[in-house]
């Protein structure tokens, strides 16, 4: 699963890296910095999992909506047919948009 870091966490990670480099040069103990980094990474992984779960549920919902719109377009007649086709096309575009966003969670 990909991690999902906040801006603050990215700043903290950069700060920890810099402090770690300084301590490594000095030969000091870095276990506290590693522990902080691990906690930040764990929170980011947990957040990434929640985001991925939500993204997949959105994709399932969009696919269901697209299928419903397609059936309505197939069954529509007269003036309603044009609107139904447009709705089906928009629903398919929404599915494609969500699929592009969901690729980062693969």
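The values are calculated or read from the model by the stated rules, or taken from the named source; none is laboratory data. Everything numeric here is computed off the predicted structure, so don't read it as measured data. Counting neighbours? That spans all protein chains shown, and the Cβs are built from the backbone with ideal geometry, glycine included.
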Single unsatisfied condition, residue 4 versus (1) surrounded by fewer than 17 Cβ atoms within 10 Å (Cβ to Cβ); (2) not in a helix (DSSP H, G or I) = (1)
Kindly establish whether residue 20 is farther than 27 Å from residue 102 by Cα and in contact with a helix residue (DSSP H, G or I) (Cβ under 7 Å, 6 or more places away or on another chain).
-> yes
Applying the selection to the range 83-106, what residues are exposed (fewer than 13 other Cβ atoms within 10 Å of the Cβ) and in contact (Cβ under 8 Å) with a residue 60 or more places away in the chain?
-> 104
Checking residue 26 against (1) loosely packed, with under 15 Cβ neighbours inside 10 Å; (2) over 30 Å from residue 92 (Cβ atoms); (3) at pLDDT 95 or above, the condition it does not meet = (3)
For the range 46-82 the number of residues that are in contact (Cβ under 8 Å) with a residue 12 or more places away in the chain and on the phi > 0 side of the Ramachandran plot is 0
Would you pick out the residues in the range 29-45 that are assigned to a helix (DSSP H, G or I) and surrounded by 13 or more Cβ atoms within 10 Å (Cβ to Cβ)?
-> 33, 36, 37, 40, 41, 43, 44, 45
